[in-house]
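Written below as structure tokens is the structure these notes are about.
The values are calculated or read from the model by the stated rules, or taken from the named source; none is laboratory data. Model, not experiment: these values are computed from the prediction. Virtual Cβ from ideal backbone geometry, glycine too; neighbours counted across all protein chains shown. Surface accessibility is based on the protein's heavy atoms, side chains included, excluding ligands, DNA and RNA. Shrake-Rupley method; radii C 1.70, N 1.55, O 1.52, S 1.80 Å.
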Amino acid sequence: MPNNHVPESAHIGRHVVIEDDVVLGERVELGHFCVLLKGTVLGDDVKVGSHTVLGIQPRGSAFMRQTGQAADGLRVGDRTRIGSHATIYSGSRIGDDAFVGDHASIREAVSIGNGTVVGRGAMIELNTSIGDRCTIQTLAYVTGDTVLEDGVFIGPCASMSNDKYMGAKPFELIGPRLLRGAKIGSNATLLPGVVIGQGAIVGAGSVVTRNTETAELVTGVPAKPRHYVD
Amino acid sequence: MPNNHVPESAHIGRHVVIEDDVVLGERVELGHFCVLLKGTVLGDDVKVGSHTVLGIQPRGSAFMRQTGQAADGLRVGDRTRIGSHATIYSGSRIGDDAFVGDHASIREAVSIGNGTVVGRGAMIELNTSIGDRCTIQTLAYVTGDTVLEDGVFIGPCASMSNDKYMGAKPFELIGPRLLRGAKIGSNATLLPGVVIGQGAIVGAGSVVTRNTETAELVTGVPAKPRHYVD
Amino acid sequence: MPNNHVPESAHIGRHVVIEDDVVLGERVELGHFCVLLKGTVLGDDVKVGSHTVLGIQPRGSAFMRQTGQAADGLRVGDRTRIGSHATIYSGSRIGDDAFVGDHASIREAVSIGNGTVVGRGAMIELNTSIGDRCTIQTLAYVTGDTVLEDGVFIGPCASMSNDKYMGAKPFELIGPRLLRGAKIGSNATLLPGVVIGQGAIVGAGSVVTRNTETAELVTGVPAKPRHYVD
């Protein structure tokens with residue numbers, strides 16, 4: 001492995017596969033059966049669980065959307081922790097002090113800020129930008145072409161989509177846009193292109209079909225504004 | 001491995017386990033740590049990511065439903081691509097040019113047609129038939145005893161069930177039936193046995209309790225017919 | 001491996017990692033690429049699929065909740081079956097004759113009773129108690145600090161949460177409490193702290209915002225009492 005950098009301080013589990021052009025920071029820990037594919041770069045003190053695969057090259061079927069360009073490696077910042085059985089694609093960037101849970105999956109062309117938590121089994125699609133100190137809880141789904149500003153909270157099992165016509169018509173894919181500090185309740189659904197205002201709150205199980213105002217609370221199917229009742 | 005067929009043109013990752021009675025087509029690619037269990041047959045140009053397990057023999061607890069017969073291998077058609085960390089059972093068939101995403105799981109006695117996409121983390125239960133050119137998006141759940149005709153679209157996190165009494169009474173399990181070109185919005189819920197008409201559309205987050213007509217649009221909880229508003 | 005107990009009757013797959021202080025009962029079967037971390041104890045006749053990781057030590061980011069104590073091993077009872085690609089943490093207990101599906105994940109400080117089924121891709125959070133003969137279906141989410149009494153049924157993709165303010169205010173985390181024989185329909189949502197009465201039924205896709213009575217049927221968003229219509 002001539003093109004790798006694996007420092008003496010790294011703690012590597014058993015049966016780990018490290019491909020070419022991989023660079024590990026100081027004191028990195030890798031669990032058993034991890035796979036670090038070509039071009040993966042991990043910062044100092046990154047910890048990774050067992051069976052996690054980092055730096056996957058995008059490939060789909062002829063029927064699926066392609067980013068169309070070779071992804072140029074995966075970069076993970078200092079002190080970030082990644083669980084077991086996670087899959088993260090090449091061409092994405094994860095900040096410092098972040099957390100990616102077990103079974104989570106992050107596609108290519110995604111940026112994730114510092115201190116952000118991606119829960120277990122959460123799935124992040126391609127071409128999405130996620131800010132600092134966000135929380136994306138267990139089994140939540142963040143669709144492609146989506147923006148989450150800093151401090152956004154996505155409850156468990158919350159869902160969203162970016163394709164208004166479900167493939168039936170040509171349509172520019174537009175994911176939701178969640179402004180700073182927006183909070184999405186568990187199992188809520190956001191339709192393509194909706195904007196969730198700064199500090200707005202979407203109740204659990206709601207279906208958001210229109211934009212919400214700053215600091216607005218919306219609940220129901222379809223979601224409508226409510227007064228706060230603590 | 002005397003009973004295997006692994007052609008010279010295959011590209012096999014590191015630490016791959018190939019059990020007996022496995023047959024690989026030409027130019028198959030297998031990622032690191034893949035497991036191909038007894039009786040798995042892959043067509044030409046199939047590509048599989050890392051850590052995927054193919055050909056699992058069904059087994060449950062004494063409290064769970066059994067298919068009751070030994071499953072006779074898994075067959076995957078030409079040019080189909082399977083991601084990382086997928087699990088697919090013995091006794092199922094996947095067509096040509098299909099795609100199975102990372103972390104997806106497909107049980108026994110399932111047939112999947114040509115060109116169909118099963119998204120990341122999607123789960124397909126036993127005894128289900130899925131046609132050609134369907135799209136089952138990320139984290140969607142297709143229950144057992146279900147029929148999806150050709151061209152059906154299932155949005156992300158959509159759910160369905162096949163047991164009206166949730167185990168409380170004996171009941172013949174009946175999954176939904178989705179006719180040609182039906183489209184199910186993200187995080188929608190289909191009750192046991194409902195029929196979604198040809199080309200019908202179920203809005204995101206809706207709960208479908210009754211059959212829908214051909215080309216009908218239904219939304220809400222419970223879902224009711226709406227006029228199309230583009 | 002001087003501190004292990006691996007009896008002659010065990011059937012161990014290829015490339016399995018067994019750390020120190022692991023004890024296996026008689027006739028245990030472990031699939032390929034399994035990882036048994038320090039302190040894992042499996043009963044007699046336990047069967048585990050491929051790529052499963054048992055006994056994970058909890059660790060999060062500085063922003064995440066910690067249990068604050070070293071977890072003291074994972075114990076799994078006799079005849080319990082665990083699928084492929086599951087992840088189960090140290091500090092939890094699983095009873096006899098239980099089943100944990102592929103891709104399921106169970107955190108630390110969880111107790112699971114005898115004969116309980118945890119479906120594929122289901123996620124169980126920390127500090128939760130689950131009784132005997134419960135069924136938690138595919139992709140269901142059981143939040144932390146939750147109690148499920150005996151015989152509870154959780155439908156596929158059902159969700160719940162334990163944090164009323166989504167991290168915005170200090171709040172004692174309180175999960176739902178599901179009394180004996182309660183049944184939750186597919187893709188239903190339970191708010192923090194709700195109590196689902198003994199034998200109560202929550203319809204598919206409902207959002208439960210208040211406690212339900214014994215044997216009550218509730219449906220809708222928000223869920224309201226209904227007469228039974230079989």
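The residues of the range C:14-58 that are of a type in the set (S, T, N, Q) and either open to solvent by less than 10 Å² (accessible area, probe 1.4 Å) or within 14 Å of chain B (Cβ to nearest Cβ) (or both), listed by number, are C:T40, C:S50, C:T52.
Residues are listed down the side, and each one gets a yes or a no for (1) in contact (Cβ under 8 Å) with a residue 40 or more places away in the chain; (2) surrounded by fewer than 24 Cβ atoms within 10 Å (Cβ to Cβ); (3) of a type in the set (S, T, N, Q); (4) assigned to a strand (DSSP E or B):
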position	(1), (2), (3), (4)
B:A109	yes, yes, no, no
B:G121	no, no, no, no
B:N127	yes, yes, yes, no
B:R133	no, yes, no, no
B:P156	no, no, no, no
B:K164	no, yes, no, no
B:A168	no, yes, no, no
B:G175	yes, no, no, no
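What are the pairs with Cβ atoms under 9 angstrom where one residue, in the range C:211-230, is closer than 19 Å to B:L190 by Cα and the other, located anywhere, is open to solvent by 100 Å² or more (accessible area, probe 1.4 Å) and modelled with pLDDT of 95 or more? Sequence gap at least six, or different chains. These pairs meet every condition: C:V218/C:R210; C:V218/C:K224; C:P222/C:R210; C:A223/C:R210.
Taking the range B:141-154 as the range and being more than 9 Å from chain C (Cβ to nearest Cβ) and either within 23 Å of B:S84 (Cβ to Cβ) or open to solvent by 10 Å² or more (accessible area, probe 1.4 Å) (or both) as the test, the residues that pass are B:V142, B:D145, B:V147, B:E149, B:D150, B:G151, B:F153, B:I154. Listed conditions (1) surrounded by 24 or more Cβ atoms within 10 Å (Cβ to Cβ); (2) touching a Leu at 6+ places or on another chain (Cβ under 7 Å) are all met by A:V221, apart from (2).
Among all positions in the range A:7-21, there is no residue which is within 22 Å of the chain's Cα centre (by Cα) and closer than 23 Å to A:G101 by Cα.
If I ask for residues that are open to solvent by 90 Å² or more (accessible area, probe 1.4 Å) and assigned to a loop (DSSP other than H, G, I, E, B), which ones from the range B:4-13 would you list? Before you say what the answer is, go through the steps one by one.
As a first pass, look at the range B:4-13 and keep what is open to solvent by 90 Å² or more (accessible area, probe 1.4 Å): B:5, B:8, B:11.
Across the range B:4-13, the qualifying residue is only B:E8.
For the range A:92-108, the set of residues classified as over 19 Å from B:A122 (Cβ atoms) and within 11 Å of chain C (Cβ to nearest Cβ) consists of A:D96, A:D97, A:A98, A:F99, A:V100, listed by residue number.
If a residue has to be on the phi > 0 side of the Ramachandran plot and at the interface with chain C (Cβ under 9 Å from one of its Cβ atoms) to count, how many in the range B:155-197 make the cut? If you could, list the steps in order and put the result at the bottom.
Of the residues in the range B:155-197, the ones on the phi > 0 side of the Ramachandran plot are B:157, B:166-167, B:181, B:187, B:193.
After this cut, where a residue has to be at the interface with chain C (Cβ under 9 Å from one of its Cβ atoms) as well, the list is B:157, B:166-167, B:187.
Going through the range B:155-197 one residue at a time, the tally reaches 4.
Checking each residue in the range C:97-115 for being over 14 Å from C:T146 (Cβ atoms) and of a type in the set (S, T, N, Q) picks out C:S105, C:N114.
Applying the criterion of being open to solvent by less than 10 Å² (accessible area, probe 1.4 Å) and β-branched (V, I, T) to the residues of the range B:177-201, the residue that is farthest from C:A188 (Cα to Cα) is B:I196.
For the residues A:L30, A:L24, A:L37, the requirement of being of a type outside the set (G, A, S), in contact (Cβ under 8 Å) with a residue 40 or more places away in the chain and under 24 Å from C:H51 (Cβ atoms) singles out A:L37.
Here the condition is being modelled with pLDDT of 95 or more and closer than 19 Å to A:T138 by Cβ; of C:V194, C:V202, C:V221, it holds for C:V194 alone. Evaluated against (1) assigned to a loop (DSSP other than H, G, I, E, B); (2) touching a strand residue (DSSP E or B) at 6+ places or on another chain (Cβ under 8 Å), B:V218 falls short on exactly one condition, (1).
The single condition from (1) part of a loop (DSSP other than H, G, I, E, B); (2) at pLDDT 95 or above; (3) under 19 Å from B:A223 (Cα atoms) that C:V229 fails is (2).
Regarding the range A:202-218, can at least one residue be identified that is open to solvent by less than 40 Å² (accessible area, probe 1.4 Å), over 24 Å from the mean Cα position of the chain (by Cα) and within 14 Å of chain B (Cβ to nearest Cβ)? Yes, the range A:202-218 contains a residue that is open to solvent by less than 40 Å² (accessible area, probe 1.4 Å), over 24 Å from the mean Cα position of the chain (by Cα) and within 14 Å of chain B (Cβ to nearest Cβ).
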